[in-house]
Structure formats: C-alpha cells, structure tokens
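Q: Handing you a structure now.
Derivation of every value follows stated rules applied to the coordinates shown; laboratory data play no part. Here the structure is a predicted model, which means the values were calculated and not measured. For neighbour counting, all protein chains shown are included, and Cβ atoms are generated from backbone atoms with ideal geometry for every residue, glycine included.
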Amino acid sequence: MLITHDTRCALDAVVDLVNSAPDDESDGSAEGLGDVEALREFVRSHAISDVGVLTERDLAGVRHIRRRFAEVFAATEPHVAAALLNELVAAAGTTPRLTDHDGYDWHVHYFAPGASVADHLAADCGMALAFFVVAGEQERLRRCEAPDCRRAFIDLSRNRSRRYCDSRTCGNRLHVAAYRARRREAAELEQEGVQDGARDAAHDGVRGRTQDAAHDGARDAAQGAAPDAAGTAARGPEALEQGLEQEKVVQ
C-alpha cells in the first residue's frame, strides 16, 4: 500500500488526536487537549494550515471528532469503519483539491476552504483512514495490546505483526514482565523439587530405621534362643547317664 507524505502526516495527526483523550473522560484526567492553548500546540506540531484563530468552540469540535475517530479504531469490521468514516467526511463537507501551498509539492487537501479545524481534521484524517479500508487494510488500525495501555496506532509493518504502540516502552515492559514470570515459575518449581526430595529422604530414613530395628530384634531373638538350645543339647547325655545310674541303684 502506497502512503504519500501528506497521507502519512494525516495518519500521524489522527493517531496523536485519538491518544490525546483521557483514560476516563468523566474526570478529565490526563486530557491532552485541556484548553485552547493545548489545541494551538497540536495544530502547530502537525503543521495544520488554514485554520484561523482558534476558540473554545474549535476545542469542543475537535474533541467531538476525536471520539468519532476513536470509534473507527475500535471497529472490528470494515463495514463498521466505513460507515463511521463516511459520516465524518460527509459532515466535514469534504472537497478534494490540489495545492502546493508554502513551497510543498503538489498534494491533495480534502477539507473545504474556510473549514474549521475540526472539519479540517475530519476530512483529511478521515480520507487517510478511508484508504486503509479501500485497500483491505482496516485491521492495521489498532490499539496497543499491553494490559495497561490502550493507545491507538497504525501498524505499518510489512507482515502486520506490530502489537504495541511503542516497542521500546510497552513492548519491552511486557517482555521483561514475561521473563521475570518465567524466572519466578522456574524458581518455584525448583523449590518444590527440593522440598519433595527432602520429604522423600525423610520418609526413606524412617522406613530404613524401622527395618533395621526389626532386623536387630529378630537377630537378638535368634541369638537368645540359640544358647538355650545349645545348653539343652549339652545337658542331654549327662542327664541320661544320671538316669541310668539311678536305675542301677534301684535294681
């Protein structure tokens, strides 16, 4: 899929726009567009032209289309994303025209002359995302897979393999966590093996002592019985002789 310079600029702008939203809009935490000055900085950083003087109304309009673009990134089916984008670009009064303003090469602007900054973003960014749907690449519009991060990003990798908004932060953090979990599991298994070995050794020791005691008892019993038998055998002839002598006396 060929991505021109102006399309890439629009993609960068829409990703930053979606990611400027707070995690919870009800409490206003981490709002990237907290005031008009923040909006001015956003416009400057993305070199957005022909927007005039920005006001609170512009801020409200940009926040509104931010929510709509977030819905596009959340869409799991191409026809859902297409319907959302159709609404965005239609409401913005999209009017394609060629321009080479400010020394840039010829490129296409999709926003109508005199459009508000919200309509400007809706038209240019909406068309940039529409190209992905047309090319069958809508699934490249993604959210970070890190458990504690839901930042939007566009996967421009050749094999659509990107999973994190930034591999140097979320990606590395997940890899480190997985490595530590494997180390911890291996240590636990090793400890269980040591405990099982100690338990088996103790059991074998008790069994061995029991068998030794039984063997010793049997041996002692055998040794005690042997002298009695030997004594009886030794006294046998003497007793017989005494009996014969007594018999002679009687006769």
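Q: What ranking of Ile65, Ile3, Ile154 emerges when the number of other C-beta atoms within 10 Å of each C-beta is taken as an exposure proxy, fewest first? Don't skip to the answer; put the middle values down first.
A: Details: Ile65 24, Ile3 15, Ile154 19.
Going from sparsest to densest Cβ surroundings: Ile3, Ile154, Ile65.
Q: If you don't mind, there's one more thing I want to ask. Whole percent per 5 Å bin, from 0 to the bin with the longest distance: what is P(r) over all C-alpha pairs of region 98-139?
A: Over region 98-139, the share of Cα pairs per 5 Å bin runs 6, 22, 20, 23, 18, 9, 4 percent.
Q: Follow-up. If each residue of separation counts as 0.36 nm, what is the full-extension length gain between Arg57 and Asp166 once their alpha-carbon separation is subtracted?
A: Working: separation 109, 0.36 × 109 = 39.24 nm, distance 3.28 nm.
Fully extending the segment from Arg57 to Asp166 adds 36.0 nm.
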